[in-house]
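The values are calculated or read from the model by the stated rules, or taken from the named source; none is laboratory data. In this text the structure is predicted, and so the values were computed from the model without any measurement. Neighbour counts run over all protein chains shown; Cβ positions are idealised from the backbone, glycine included. What goes into the accessible areas is simple: the full protein's heavy atoms, side chains included, and nothing from ligands, DNA or RNA. Shrake-Rupley method; radii C 1.70, N 1.55, O 1.52, S 1.80 Å.
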Amino acid sequence: AGIISTLILSASAYSAEMTVGFSQIGSESGWRAAETSVAKSEAQKRGITLKIADAQQKQENQIKAIRSFIAQGVDAIFIAPVVQTGWDPVLQEAKEAEIPVFLLDRNITVKDDALFMTGVAADSVHEGAVAAQWLIKQQDGKACNVVELQGTVGASVALDRKKGFLDTVAAVPTIKIIRTQSGDFTRSKGKEVMESFIKAENNGKNICAVYAHNDDMAIGAIQAIKEAGLKPGTDIKIISIDGVPDIFKAMMAGEANASVELTPNMAGPAFDALLAYKKDGTQPPKLIKTESILFEPESAQAQLELKKDMGY
Ligand code: AHR
């Protein structure tokens, strides 16, 4: 009778009894805060209990949280991995405990891909390429010195966004990356690094564009540019990634030029893949890819409204 009642459980009946442990990176950006709040509401919609552990940007805290989720015997573990490497031992422990692991928004490199079930993420190399193509089109043959604000050192999204941009502008010798440094995906570090770029580049006059790996660093850079007496969006073009409300507000003020959107709904598709797996063993694809759409000031107002409706 036990087996029969298990078989007739619907996906929602499963979800009502399911607990997922989510090892979140922290709250370094507006996008990250939105991802956390969307994860909570997506769990609630499906009747799933979601336990979130904030790692405050440290991999060691994530590893501790994952071990604690294993000890608690959760039904699945979601991880937004702060860096790309160093996950093999703890994921092996999850595998031995037969707890499926889902990656959200960043990738990892492990010896055996069977250590995780799937990842929900954008193609970050493509995001960088989309940003570069926008700049190439804007410049239309005119020279441009670009400064790059990289994300967290060792994060897959920082490595890939850098690669996508660099590989694309490599074909256009008039566009050069003259300075590049990590701003750790935060507004304050983005501002600090931009201030140093401005100082080193003739009070910003040698800089044509900022390519920031996320909107928060771009917003920090905008502040630094204004404080240096220059006009962001005009004297120095601003292109970044995420599509958070604040970048659309900056576009409406004429201070930012374009952003490649990354949806904060990474958990929804992961919950669906988990439910399908628990229901009848359906194996999801190794990557559940999200879209990367570029937005410019013309659509900023509409995007802002849309984000409000999402509770962003
Ligand atoms: O991994 C996604 C990135 O992490 C977002 O682009 C950034 O804002 C966040 O911190």
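List of remarks:
- Scanning the range 222-262 for residues that are assigned to a strand (DSSP E or B) and more than 16 Å from the chain's Cα centre (by Cα) returns Pro232, Ile236, Lys237, Ile238, Ala258.
- A search for C-beta distances below 8 Å between a residue of the range 143-167 that is more than 21 Å from Ser188 (Cα to Cα) and open to solvent by less than 10 Å² (accessible area, probe 1.4 Å) and any residue that is away from the ligand (no atom under 14 Å from the Cβ) and in a helix (DSSP H, G or I), counting only pairs 6+ apart in sequence or on different chains, returns Cys144/Leu135; Gly164/Ala129; Gly164/Ala132; Phe165/Ala129; Phe165/Ala132.
- Filter result for Thr180 (farther than 18 Å from Ile238 by Cβ, open to solvent by 50 Å² or more (accessible area, probe 1.4 Å), of a type outside the set (Gly, Ala, Ser) and modelled with pLDDT of 95 or more): no
- Here is the figure for the range 191-209: residues that are free of Cβ contacts under 8 Å to residues at least 40 places away in the same chain and part of a loop (DSSP other than H, G, I, E, B) total 1.
- Verdict on Ile108 being within 19 Å of the chain's Cα centre (by Cα), in a strand (DSSP E or B) and aliphatic (A, V, I, L, M): no
- Listing of helices (runs of 4 or more DSSP H) fully contained in the range 1-87 that carry 2 or more residues being at pLDDT 95 or above and over 26 Å from Ser240 (Cβ atoms): 30-45, 59-72
- Looking across the range 274-295, the residues that are open to solvent by 30 Å² or more (accessible area, probe 1.4 Å) and either charged (D, E, K, R) or part of a loop (DSSP other than H, G, I, E, B) (or both) come down to Lys278, Lys279, Asp280, Gly281, Thr282, Gln283, Pro285, Lys286, Lys289, Glu291, Ile293.
- Count of residues meeting criterion [more than 16 Å from the ligand (Cβ to nearest atom) and surrounded by fewer than 22 Cβ atoms within 10 Å (Cβ to Cβ)] in the range 92-112: 11
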